[in-house]
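Undergrad: Before we start, here is the structure in question, set down as structure tokens.
Laboratory data are not the source of any read-out in this text; all were calculated from the coordinates shown. All values reported here derive from a predicted model rather than from experimental measurement. Note that we place each Cβ from the backbone using ideal geometry, even for glycine, and neighbour counts take in every protein chain shown.
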Amino acid sequence: MSLLDQIFLVGTYIVAVLALWSLRNQKAPGRERHPSDYYHGIALVVLGLASLLLSIFGWGILGMMGEGTSNKLVAIVSSLIPFAWATGLISKFYPKHEKTFLGVMILGLLLITVSRFIDAPLMARIVYPVFHSTAAIAVIVTPMIAVKKGLVNYHFLTISAGGALISAAGISLAFLSGGRQLLFFSQPVVLMIFAPLFFTTMVLYTWGLFRGQNS
């Protein structure tokens with residue numbers, strides 16, 4: 001891992017900490033915290049911890065080469081981020097469907113975990129695209145609809161851009177950790193763009209989350 005990669009990853013961690021601090025302090029006095037805050041908090045915590053651990057231990061922690069626990073955990077962690085992110089958006093703008101969507105995401109996470117730990121490649125090839133695509137569609141499309149309806153301002157659209165990036169990264173990592181390659185996202189390509197992509201995703205996500213909901 002290069003020094004530039006470490007700078008990007010540490011920067012991602014710092015942005016995550018600042019975002020969590022802002023999320024913690026944005027609750028209006030006397031009002032209940034919106035459930036979406038908790039989902040976004042999970043996504044921010046996982047993004048922040050992942051970037052910090054990567055900056056300390058390097059790319060080896062991804063476990064993209066060989067077999068082992070880290071290899072299995074990559075697929076789970078790379079799913080948890082977009083799943084929590086998507087559920088937060090559904091909770092905010094479609095609260096009636098929150099529990100159903102949350103159930104779908106939990107089911108997806110469980111199936112991904114099972115497919116990894118029982119070494120079921122056929123099952124993994126089915127559940128990864130289905131549930132990651134579901135989360136990606138929610139993350140990318142929901143902000144667009146919310147902006148069009150005037151529920152948030154145009155800054156919220158950066159969440160869609162960040163969601164597209166993190167979804168592509170998550171699916172690419174999942175394929176690599178399973179010994180396969182998605183399109184042109186080979187291991188050298190993913191490692192070359194991963195740190196700046198992680199940082200860009202975090203910035204886009206937090207910018208839309210906090211600036212997009214202010215008039």
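Undergrad: Return the distance in nm (one decimal) between the two label points of a simple spin-label model at residue 34 and residue 107, each offset 7 Å from Cα along Cα→Cβ.
TA: Inter-label distance under the simple model: 2.7 nm.
Undergrad: Now, a different point. Can you list which of the trypsin sites (Lys or Arg not before Pro) found in the range 124-157 are DSSP loop residues with at most 14 other C-beta atoms within 10 Å? If you can, show how the numbers build up before the last one.
TA: Values: sites: 125, 148, 149; in loops: 149.
Qualifying residues, ordered by number: 149.
Undergrad: Next question, about the same structure. Roughly how many nanometres apart are two label points built 7 Å out from the Cα toward the Cβ at residue 22 and residue 141?
TA: Going from the residue 22 label point to the residue 141 one covers 2.8 nm.
Undergrad: Would you list 73, 151, 9 from fewest to most Cβ contacts within 10 Å? Mind showing how you got there, number by number?
TA: Values: 73 17, 151 14, 9 24.
Placing the least packed residue first, the sequence is 151, 73, 9.
Undergrad: Relative contact order for the range 87-136 using alpha-carbon pairs under 8 Å, separation at least 6, rounded to a whole percent?
TA: Details: 22 pairs, mean separation 15.1, N = 50.
Averaging sequence separation for qualifying contacts and normalising by length gives 30 percent for the range 87-136.
Undergrad: As an exercise, identify the trypsin sites (Lys or Arg not before Pro) in the range 1-60 lying in DSSP coil whose Cβ has no more than 13 other Cβ atoms within 10 Å. Intermediate values should be presented prior to the final figure.
TA: Details: sites: 24, 27, 31, 33; in loops: 27, 31, 33.
Here the sparse-neighbourhood loop sites are 27, 31, 33.
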